[in-house]
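Okay, so here's the structure we're looking at.
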Amino acid sequence: MAKVCDVAIVGGGAAGLSAAILLGRCRRHVALFDTGAPRNQASRAVHGLLGHEGRAPSELLAIARIELARYETVTPHSDLVTAINRSGSAFLVTCESGSTFSARKVLLTTGLIDDVPCLEGIERLYGRSVHHCPYCDGFEHRDQPLAIYGSGDKGAGLALMMKQWSSDVLLFTDGQAPVSADMAERLEQQSIEICSEQIARLEGTEDSALKGIHLKSGRVIERSAMFFSTGSHQGSNLSETLGCRRDDKGGIVTDPVTEESSVPGIYVAGDASRDLLLVAVAIAEGAKAGVAINRALLREDGLG
Ligand SMILES: Cc1cc2nc3c(=O)[nH]c(=O)nc-3n(C[C@H](O)[C@H](O)[C@H](O)COP(=O)(O)OP(=O)(O)OC[C@H]3O[C@@H](n4cnc5c(N)ncnc54)[C@H](O)[C@@H]3O)c2cc1C
C-alpha cells in the first residue's frame, strides 16, 4: 500500500535539499528521493556560493543532509523514482525498489546532465581543468592559455566571452560545424585563433591539470584549461511523461513566483527549469518552491 505524504521531492541535490529544509520547518510530511548523482559531482570545489567558497560539492550536500536530519517529518529515500501518475487529487509516486507513495504535491529537482565532449582523456580532467561554466571556474584559470571547445557560432561566442578571463584564448572546432564569416571576423578582431583540425586526445598532468591538446595531425598545442559549450539535457524524463511544458532550450517552464509547472501540483526547481545553472540559484528556487507548496497546502486546508 502507498505511504501517504504531503510532498514528494524527487532529487536530493541543492534544490531538493533546500526545499526539504523549508518544508520540514513547516512540519510537512516529505518523502525525499535521491539517487546520489548531482550534476557537479566531478568537480573539486564549489565557487561563487556565499559562505562556502571552495567547499567540495559532496561536503556541501553532506552538511545540508545533517541540517535536514533535525526535521523528523522529512524522510530521505535512496531510491530512483520511476513513475509519477495522477491518482484522484494526489499523485502516485513509484520507485525502483517497488515502494509507492501518495503525495499531495510533487517537486521535481532532478537536475541536468552535461553533454561532455567525447574526447580521449577528458574523464580525468573534467571538473578539474576542463569545465563548461566560466562563472563557476573561469576565475581559477584567469590569465592562463585557454582552449575553448565548441562548434559553430556557439563555440565562438564562448571563446569571445572567455577573453574576460584571459587574453590567450584559442577556439577548437574539432572538425565540426565551422564558424560563420561574421563571427570569424569578430574572433579575428579579438586575436582569437580557430583550430578546426580534429582532436586525437587530451593530455593531463598527474594532478588533472590540462597540459596539451593532441591533434590527429600529430601537432600538440599546449593549454592549461579547456571550457566547452556542448550543452546538457534533463536528468529525468518524469516531467515529460507528466506533460510539463518545456521551453525551446529544453528547460521545464515554471511560474517565476511559485515554481509550479504547467501541470497543476507539479513544481520544478533547480537546474531542471534551466534558469541560471548555479548552486545559489538552485538553493533559492528550492526555497521558493517550498514556500509556494506550503501556501498551496494551507489554502487547500482552509488555513491560507
Ligand atoms: C563540473 C561542474 C561544476 C560546477 N561548478 C559549480 C560551481 O562552482 N558553482 C555553482 O554555483 N554551480 C556549479 N555547477 C552547477 C551546479 O552543479 C548545479 O547548478 C546544481 O548542482 C543544481 O542543483 P540541482 O539540485 O538542481 O541538481 P543536481 O545537483 O544535479 O541534483 C539532482 C539530483 O536528482 C537526483 N535524481 C535525478 N533523477 C532522479 C530520480 N528519478 N529519482 C531520484 N533521484 C533523482 C540525482 O541523482 C541528483 O542527486 C557545476 C556543474 C558542473 C557540471
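What follows draws every value from the coordinates through simple rules; no lab data is involved. Computed from a predicted structure; not experimentally measured. No Cβ is skipped: glycine too gets one built from the backbone with ideal geometry, and neighbour counts run over all protein chains shown.
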- Task: Name the aspartates and glutamates eligible as straight-distance cross-link partners of Lys163: C-alpha to C-alpha under 17 Å, and not fewer than 8 places from it in the same chain.
- Result: Asp137, Glu140, Asp143, Asp153, Glu185, Glu188, Glu193
- Query: Once Lys and Arg get +1 and Asp and Glu get -1 on their Cβ, which of Met162, Val130, Pro178 lies farthest toward the positive end of the dipole of region 122-228?
  - Reply: Val130
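Treating only the Cβ of Lys, Arg, Asp and Glu as charged (+1, +1, -1, -1), what charge dipole size does region 1-60 show about its Cα centre? Round to the nearest 20 debye.
Details: 7 positive and 4 negative charges, 27 e Å.
My answer is approximately 120 debye.
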- Note on the structure: So, relative contact order of region 122-228 in percent, Cα under 8 Å, 6 or more apart, is 33 percent
- Three-way shape call for the chain based on the alpha-carbon gyration tensor, with the a/c threshold at 1.5: prolate
- In debye to the nearest 20, the charge dipole size for region 197-254, taken about the Cα centre with +1 at each Lys and Arg Cβ and -1 at each Asp and Glu Cβ, equals 160 debye
- Task: Pull up the cross-link candidates among the aspartates and glutamates for Lys288, meaning alpha carbon to alpha carbon under 12 Å and not fewer than 8 places away within one chain.
- Result: Asp255, Glu259, Glu260
- Item | Furthest towards positive pole of dipole, Ser99, Phe227, Gly121, structure part the chain, Cβ charges | Ser99
- Query: Shape of region 122-228 from its Cα gyration tensor (a ≥ b ≥ c, root eigenvalues): rounded if a/c is under 1.5, otherwise prolate when a/b > b/c, or oblate?
  - Reply: oblate
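Where the only charges are on Cβ atoms (+1 Lys, Arg; -1 Asp, Glu), what is the dipole of the chain about its Cα centre, to the nearest 20 debye?
Working: 30 positive and 38 negative charges, 196 e Å.
Computed charge dipole of the chain: roughly 940 debye.
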- Message: Less than 16 Å apart at the alpha-carbon level, and either on another chain or at least 8 residues along: which lysines does that give for Lys3?
- Response: Lys105
